[in-house]
Each structure stands twice: as C-alpha cells, then as structure tokens.
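The structure under discussion appears below in the form of structure tokens.
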Amino acid sequence: MFDTHLVLSDEQKSFVERVHHFIEHDYPAVIKRKQQHRIPFEAEDFRLWQRTLNKVGWGAPLWPKSFGGTGWSEVEKYLFYSILYENDLIIQLPFGPTMLAPVVMAFGTDAQKNTYLPRILKGDDIWCQGYSEPNAGSDLASLQMKCERVGDHYILNGSKIWTTAAQFANWIFCLVRTNTQVKPQEGISFVLVNMQSPGVTLRPLITADRDHEVNQITFENVKIPLDQMVGQENKGWDCAKYLLTFERSSFGARLSRVEYEVNQLITALKSHRQLAPQDSLLVNQYLSTVNQLATDTQAAKITMLRAATSTNAGQALKISSIIKILSTRLIQALSDIQIKVHGISSIVDGRHLPYDFFEDEDRNQANLRGNRYLNQRKESIYAGSNEIQINIIAKMILGL
C-alpha cells in the first residue's frame with residue numbers, strides 16, 4: 001500500500017481530531033441520507049451545509065480572520081478538505097466562498113464587502129460563475145456578452161454556458177464585454193447579477209452522465225445597478241485571473257480522495273473480490289496499472305505538500321496550475337481503471353438506480369462508476385484546460 005503523510009504537530013493532530021469529531025456528530029443527517037439513497041441535492045441542502053460549517057467557525061476556510069474566516073494555514077486548509085474528500089462528504093459550492101469572495105476582498109468597495117461577504121458566510125446567497133460562453137471557453141478573452149452603460153445602470157445581453165450549479169444559485173458573477181474598441185482583455189468587466197432579475201433565463205443542460213450539473217443562462221436586456229460591477233470598468237480581466245488562481249488551488253485536496261480510492265482498489269484486486277480466480281492474469285495486469293497510479297498519486301501529493309508547507313506564503317497558489325494538471329490526470333486515470341476492473345457492474349446510469357438495487361453492496365457502489373467516468377471527462381477542460389495550464393506554467397514558473 002502506498003501512502004505519504006505529513007508529520008503533524010500536536011496542535012495539528014488536535015485539529016484533525018476536531019474535524020473528525022465534527023463529521024461524526026454534526027454532519028447533517030438529511031444530507032447524509034440523501035447521499036446514501038442517491039437523492040439529488042437541492043439548494044437548501046447547500047445552504048444547510050454552509051450554515052452548519054459557519055456555526056462552528058469553519059464557514060470560510062480560505063478567508064482571513066478579518067473577514068470572518070478561519071485564518072487557517074495552508075496545511076490546515078489541506079487537512080480539512082482532505083478529510084472531507086476522503087469521507088466523500090458534500091463539499092461547499094465553491095463559487096461564493098472560494099472564488100467570488102477573494103475577488104470582492106481584493107477589488108470590491110467597502111459597501112460590496114459589507115453586503116456580499118456576510119451573506120456568503122451565512123449561506124444566504126448561493127453563487128454561480130458566468131465565464132464560458134457558447135463561443136468562448138478556454139479562450140476566455142474572446143467572450144462577447146455585452147454590458148452597456150445607460151445612465152445610472154448597465155444593460156446586459158448575451159449568454160453563458162456550462163454554468164455549474166446555476167440551478168441552485170440566486171446570484172451569478174459574470175465577465176462581460178464593456179469595450180469592443182481595444183484589445184480583448186482590456187475591454188472586459190466583472191459584474192454581479194441577481195438571478196431573479198427580469199430577462200435572466202436558465203436552461204438545464206443534461207450531460208453524458210445523465211445528470212443536471214450544468215446550464216445555459218441567457219441575458220436579455222437585463223438591468224443592473226452600477227454598483228454591481230466589481231473593480232474598474234474594463235479592468236475585469238485582472239479579477240478573472242485572480243479568481244482562477246483560487247479556483248485551481250482547490251484541486252490539491254482532491255488527491256486525498258484519489259489516494260483513498262486507489263488504495264481501496266488495490267485491496268479489492270488483491271482479494272479478487274471483483275474478479276474470478278481464473279482471471280488472475282488480468283488481476284495482475286490491473287494491479288500493475290493501479291500500483292503505477294498509486295505511485296503517481298504520491299508524487300503529486302508530495303509536490304502539493306511541499307507547496308503547502310513552504311515558508312513562501314504564495315507558493316501554494318503559484319503551483320496551482322501544476323496541481324490542476326496532475327490531479328485531473330489522476331482522477332481520469334482512476335475512473336478509467338475502475339471501469340475496467342468493475343466491468344459489467346459499471347452500469348452507465350447507475351446514479352438513477354435505487355441505492356439497494358443489487359443485493360451485493362460492492363455492485364451497488366460499482367454501478368456509479370459509469371456515471372462518474374463520463375462526468376470526469378470534463379476534469380481536464382474546466383477551470384482552464386490543461387493545455388492552457390501548461391502555457392501558464394511555462395510563463396509564470398519557468399519564465400519562458
């Protein structure tokens with residue numbers, strides 16, 4: 001079995017114990033039941049989880065204390081999220097706490113900070129991200145959604161697509177085009193829009209895994225006040241780059257879930273629970289693949305932990321593109337080998353089967369693999385495709 005652990009101080013060990021105690025005693029029963037029974041989440045479930053975390057002071061793990069956050073170190077953030085991922089718990093929707101909040105803190109007015117941050121912390125508002133458009137994805141600077149100033153307000157027209165969790169959100173932050181007469185990056189602004197505004201229409205997009213995760217949102221003559229622009233007009237590209245750094249920094253903790261599932265797969269293969277004894281040759285081939293995956297996972301984890309424990313406060317964010325590439329490759333490789341190992345048990349639409357459809361618990365878990373495999377094809381594309389990350393690494397880290 002492969003494993004890499006931090007050497008924790010007594011204080012950090014106590015922190016880990018508190019997180020485990022919280023999970024055991026305070027994890028909402030209604031959310032746990034929905035997960036066990038494969039019942040889709042609703043907006044109120046995410047609000048409940050945010051309020052539950054906030055009640056113990058953990059509502060904003062990435063925020064500084066001055067804004068009501070935890071003020072945790074990089075190691076504490078990693079430990080916290082790793083435990084959540086390893087236990088397969090519901091994760092905070094990142095768009096408000098992890099992505100928008102740092103932008104408001106860095107570029108927002110005092111009024112914006114006082115208005116939006118407390119509501120995110122308390123779970124009053126759920127946010128989604130309006131970046132990609134039908135003709136602008138990784139090439140984000142080519143976005144065309146218009147934002148025109150008319151007197152004391154702005155008028156928005158255009159469309160955003162692949163908008164994750166927008167069906168739960170009551171607010172969206174968008175990159176919009178405010179000037180077409182300059183270089184693409186120089187004519188973009190960052191605005192906040194109430195999803196209940198007249199002219200905002202949401203259309204679900206059902207993906208290959210049969211799930212409603214993403215949406216298309218159209219804006220037809222949507223009117224917003226001037227004070228719902230964050231930062232200066234035509235300077236939204238600075239907000240966008242800043243936000244994406246925080247979005248990618250969250251990938252590191254997901255390595256704990258990969259590590260956990262890889263070790264489970266190794267144990268299962270060694271015990272031949274999935275495959276008959278006569279297939280031992282195939283088992284050995286799979287074990288070879290999974291052992292290599294375990295080695296690669298540990299290498300990625302060491303890279304991430306080196307940054308998390310660095311005395312350079314910005315090191316974890318600096319290597320976020322590296323971690324994004326490594327973690328997404330590992331996640332996809334894991335889902336690929338899981339499909340092969342579980343074979344026919346990996347029913348494509350297992351998500352919509354009853355949680356106890358099979359008498360065998362292993363098969364009830366295995367029949368989710370097909371959905372997950374299809375869903376995780378997006379890993380190397382969203383939050384900036386891996387090809388874009390390679391360019392960022394070349395420029396920002398290697399100086400090429």
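The values are calculated or read from the model by the stated rules, or taken from the named source; none is laboratory data. Computed from a predicted model, the values in this text were never measured in an experiment. All Cβ positions, even for glycine, are placed from backbone atoms using ideal geometry, and neighbour counts span all protein chains on display. Surface accessibility is based on the protein's heavy atoms, side chains included, excluding ligands, DNA and RNA. Shrake-Rupley method; radii C 1.70, N 1.55, O 1.52, S 1.80 Å.
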Fill in the blank from the handout: Between the Cα axis of helix 280-308 and the main Cα principal axis of the chain, the angle (0 to 90°, nearest 10) is 40 degrees
Completion exercise
Hull surface over four for the Cα convex hull of the range 56-122, reported in nm², is 4.5 nm²
Problem - Accessible solvent surface per residue of the chain, calculated while the other protein chains remain in place, 1.4 angstrom probe, Å² - result: 48 Å²
Practice task
For the chain, give the percent of accessible area contributed by carbon and sulfur heavy atoms, probe 1.4 Å, rounded to a whole number.
Solution key: 52 percent
Handout entry: Lysine pair number, Cα distance threshold 27 Å (strictly under), the range 1-134, separation 8 or more or different chains
Key = 20
Fill in the blank from the handout: Mean separation of Cα contacts under 8 Å (at least 6 apart) over the residue count of the range 57-198, i.e. the relative contact order in percent, is 17 percent
Exercise for the section: Give, rounded to the nearest 20 debye, the magnitude of the charge dipole that the chain has about its Cα centre when Lys and Arg contribute +1 at Cβ and Asp and Glu contribute -1 at Cβ. Expected result: 520 debye
Fill in the blank from the handout: Dipole check, the chain, charges on Cβ (K,R +1; D,E -1), about Cα centroid: among GLN196, ILE339, LEU175 the Cα furthest to the positive pole belongs to LEU175
Fill in the blank from the handout: Around GLN167 (Cβ within 12 Å, Cβ-to-Cβ, excluding GLN167; K/R +1, D/E -1) the net charge comes to -2
Problem - Translational D in µm²/s for the range 98-213 (Stokes-Einstein at 10 °C, 1.306 mPa s, Kirkwood Rh from C-alpha pairs) - result: 103 µm²/s
Problem - Range in the chain, longest, excluding exposed trypsin sites (Lys or Arg not before Pro) [loop by DSSP; at most 16 other beta-carbon atoms within 10 Å] - result: 274-400
Exercise for the section: Provide the net charge surrounding VAL222, with neighbours chosen by a C-beta distance below 12 Å and charges set as Lys +1, Arg +1, Asp -1, Glu -1. Expected result: +1
Exercise for the section: Once you have a ≥ b ≥ c as the square roots of the Cα gyration tensor eigenvalues for the range 14-113, tell me rounded if a/c is under 1.5, and otherwise prolate or oblate according to whether a/b is larger than b/c. Expected result: oblate
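If you take every DSSP beta bridge fully contained in the chain, what fraction is antiparallel? Give it as a percent rounded to 5.
Here the share of antiparallel DSSP bridges comes out near 85 percent.
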Exercise for the section: At 7 Å along the Cα-to-beta-carbon direction for both SER197 and ASP336, put a label point, then send me their distance in nm to one decimal. Expected result: 4.3 nm
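Let me spell out the model: positive unit charges on the Cβ of Lys and Arg, negative unit charges on the Cβ of Asp and Glu, origin at the Cα centre of the range 309-400. What dipole size does that give, in debye rounded to 20?
600 debye
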Practice task
Please arrange HIS37, HIS21, HIS153 by accessible surface area, largest first, computed with a 1.4 Å probe and ligands excluded.
Solution key: HIS21, HIS37, HIS153
Handout entry: Charge tally in the Cβ shell below 10 Å around LEU326, where Lys, Arg are +1 and Asp, Glu are -1, LEU326 excluded
Key = +2
Exercise for the section: Relative to the longest principal axis of the C-alpha atoms of the chain, give the angle of the C-alpha long axis of helix 320-342, reported between 0 and 90° and rounded to the nearest 10°. Expected result: 40 degrees
Practice task
Using Cα pairs closer than 8 Å and at least 6 residues apart in sequence, work out the relative contact order for the chain, in percent.
Solution key: 14 percent
Handout entry: With DNA, RNA and ligands ignored, accessible area of ASP88 (1.4 Å probe; Å², nearest 10)
Key = 80 Å²
Exercise for the section: Please give the helix 74-86 orientation as an angle from the longest Cα principal axis of the chain, in degrees from 0 to 90, rounded to the nearest 10. Expected result: 60 degrees
Exercise for the section: Give the relative contact order (percent, whole number) for the range 13-132; include only Cα pairs under 8 Å separated by 6+ residues. Expected result: 26 percent
Handout entry: Reachable lysines, given that their alpha-carbon falls under 19 Å from the alpha-carbon of LYS241 and they are not under 8 places away in the same chain
Key = LYS160, LYS183, LYS318, LYS324, LYS395
Practice task
Report the full-extension gain for the segment SER138 to HIS25: residue separation times 0.36 nm, less the Cα-Cα distance, to one decimal in nm.
Solution key: 36.5 nm
Fill in the blank from the handout: Read-out volume of the Cα convex hull per residue in Å³, candidates (1) 148; (2) 134; (3) 157; calculated match is (1)
